[in-house]
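The structure under discussion appears below in the form of structure tokens.
The values are calculated or read from the model by the stated rules, or taken from the named source; none is laboratory data. Here the structure is a predicted model, which means the values were calculated and not measured. FYI the Cβ positions are ideal-geometry reconstructions off the backbone, even for glycines, and counts take in every protein chain you see.
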Ligand SMILES: *Cc1c(COP(=O)(O)O)cnc(C)c1O
């Protein structure tokens, strides 16, 4: 149902052999890098020895790399989420394996620079280095996307040529695919077009689907890679009836053996809202973010980031901004949160403090909430308190 909601099946109908619920997108990134590592090293071993006997899962990373003549595994990305470096550490690639190939030079560091990716893949191939490309489908500070409509097919053919793995970190951004296909969202649809061409995808239910924490989603095109990474070898007592059916046992396609029924809240949301209900919920989130973005852009007190002249149609659910007054900007997050009326998180952008408003609630009512946020931001900028009033009885 999730694959269906997000239109992730190939045009030829091919599905995702490996699919499981995880604790979150961090675990999805761990699985993505683990599967990528298994596949890209395995391919080198096969090419070099003609055998599939030595795998990362079986022989370990060091032995498999030695057998395949692999000097290094690199992770190419643009403004990857911090959990990606953590995942690289956990699976033994190292935080330092994550290399930025974004378009920072032209002021769009969240975009993947495909020319740079191609150069890196070519160089790597010649030097015994194998690569995993991670697409930030939703950069956490700006909510912007690594790719545009023509990029994914191009990236797919580069990855096929050089034996690289493509993983999508779509924690929140993947859900742009469930927005209605109306004019106001066509730009966003272009940025998430083609993500179904990836080898693996991580997403979060506990962000935009509004289910409780501990609900992530992981998809792997080739079930055999995921099974190779996650199976419990030689544990007859764990053999589940599911193992012989079309549905793979969660035991052998995820990190945990024992786990709760994570799919249940997602199932409930999908049943209760349906495709249209979810599209409407996501639309409200995006439209509120755009109202706030327009306010910040036009305000005398604030600067809209990353670029004041951006199109509002590039705004998904995150609004990044800072106060023009440098003294206020230093304490802006605390001032906003001290009102007790709304909660924002602080970040840095281009070396200076900034604030991000991330919209992620089913309760959004665009006009009501936009007025409220404008009132808080204006009061904070003007150094006055925010009137206490009942905002919602829900
Ligand atoms: C939130 C987020 C993560 C981490 O997700 P968890 O659910 O906290 O593990 C990873 N990547 C991106 C882009 C995110 O926004």
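It is to be established whether one or more residues within segment 221-234 are over 30 Å from residue 163 (Cα atoms) and either touching a helix residue (DSSP H, G or I) at 6+ places or on another chain (Cβ under 8 Å) or away from the ligand (no atom under 16 Å from the Cβ) (or both). I'd like the intermediate steps shown before the answer.
Of the residues in segment 221-234, the ones over 30 Å from residue 163 (Cα atoms) are 234.
If we keep only those that are either touching a helix residue (DSSP H, G or I) at 6+ places or on another chain (Cβ under 8 Å) or away from the ligand (no atom under 16 Å from the Cβ) (or both) too, we end up with 234.
So far as segment 221-234 goes, yes, one or more of its residues are over 30 Å from residue 163 (Cα atoms) and either touching a helix residue (DSSP H, G or I) at 6+ places or on another chain (Cβ under 8 Å) or away from the ligand (no atom under 16 Å from the Cβ) (or both).
Out of (1) more than 16 Å from the ligand (Cβ to nearest atom); (2) over 20 Å from the mean Cα position of the chain (by Cα), the odd one out for residue 256 is which?
Evaluating residue 256 over (1) more than 16 Å from the ligand (Cβ to nearest atom); (2) over 20 Å from the mean Cα position of the chain (by Cα) leaves (1) as the failure.
Looking at segment 116-132, can you tell me whether even one residue there is crowded, with 16+ Cβ neighbours inside 10 Å, more than 28 Å from residue 56 (Cα to Cα) and touching a helix residue (DSSP H, G or I) at 6+ places or on another chain (Cβ under 8 Å)?
No; the residues of segment 116-132 include none that is crowded, with 16+ Cβ neighbours inside 10 Å, more than 28 Å from residue 56 (Cα to Cα) and touching a helix residue (DSSP H, G or I) at 6+ places or on another chain (Cβ under 8 Å).
Take residue 164 and decide whether it is more than 12 Å from the ligand (Cβ to nearest atom) and either buried (at least 22 other Cβ atoms within 10 Å of the Cβ) or more than 11 Å from the chain's Cα centre (by Cα) (or both). Walk me through it before giving the result.
Numbers: more than 12 Å from the ligand (Cβ to nearest atom): yes; either buried (at least 22 other Cβ atoms within 10 Å of the Cβ) or more than 11 Å from the chain's Cα centre (by Cα) (or both): yes.
So residue 164 fits the description; yes.
Residues checked against (1) over 21 Å from the mean Cα position of the chain (by Cα); (2) without any contact (Cβ under 8 Å) to a residue 12 or more places away in the chain:
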site: 283; (1), (2): no, no
site: 292; (1), (2): yes, no
site: 306; (1), (2): no, no
site: 311; (1), (2): yes, no
site: 328; (1), (2): yes, no
site: 334; (1), (2): yes, yes
site: 347; (1), (2): no, no
site: 357; (1), (2): no, no
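Residues to consider are 317, 380; find the one that is buried (at least 18 other Cβ atoms within 10 Å of the Cβ), under 21 Å from the mean Cα position of the chain (by Cα) and either at pLDDT 95 or above or at negative phi (or both).
Details: 380 fails: under 21 Å from the mean Cα position of the chain (by Cα).
Within the list 317, 380, the selection yields 317.
From the residues in segment 14-52 that are part of a loop (DSSP other than H, G, I, E, B) and within 16 Å of residue 222 (Cβ to Cβ), which one is nearest to the ligand (Cβ to nearest atom)? First the steps, then the outcome.
Filtering segment 14-52 down to residues part of a loop (DSSP other than H, G, I, E, B) leaves 14-17, 23-24, 50-52.
Remaining after also requiring within 16 Å of residue 222 (Cβ to Cβ): 14-17, 52.
Numbers: 14: 26, 15: 24, 16: 19, 17: 23, 52: 32 Å.
Checking each candidate, the answer is 16.
Could you count how many residues in segment 61-111 are touching a strand residue (DSSP E or B) at 6+ places or on another chain (Cβ under 7 Å), assigned to a helix (DSSP H, G or I) and within 16 Å of the ligand (Cβ to nearest atom)? Before you say what the answer is, go through the steps one by one.
We begin by selecting, within segment 61-111, every residue touching a strand residue (DSSP E or B) at 6+ places or on another chain (Cβ under 7 Å); these are 70-81, 84-85, 88, 93, 97-103, 109-111.
Right, trim to assigned to a helix (DSSP H, G or I) and you get 84-85, 88, 97.
Then keep just the ones that are within 16 Å of the ligand (Cβ to nearest atom); that gives 84-85, 88.
Total meeting the criteria: 3.
If we scan segment 183-193, do we find a residue that is over 21 Å from the mean Cα position of the chain (by Cα), farther than 24 Å from residue 158 by Cβ and surrounded by fewer than 18 Cβ atoms within 10 Å (Cβ to Cβ)? Can you show your working first?
Filtering segment 183-193 for residues over 21 Å from the mean Cα position of the chain (by Cα) gives 183-184.
If we keep only those that are farther than 24 Å from residue 158 by Cβ too, we end up with 183-184.
From what's left, surrounded by fewer than 18 Cβ atoms within 10 Å (Cβ to Cβ): 183-184.
For segment 183-193, residues over 21 Å from the mean Cα position of the chain (by Cα), farther than 24 Å from residue 158 by Cβ and surrounded by fewer than 18 Cβ atoms within 10 Å (Cβ to Cβ): present.
Among the residues of segment 176-215, which ones are touching a helix residue (DSSP H, G or I) at 6+ places or on another chain (Cβ under 6 Å), closer than 14 Å to residue 8 by Cα and within 16 Å of the ligand (Cβ to nearest atom)?
Passing the criteria: 176, 177, 192, 200, 202, 203.
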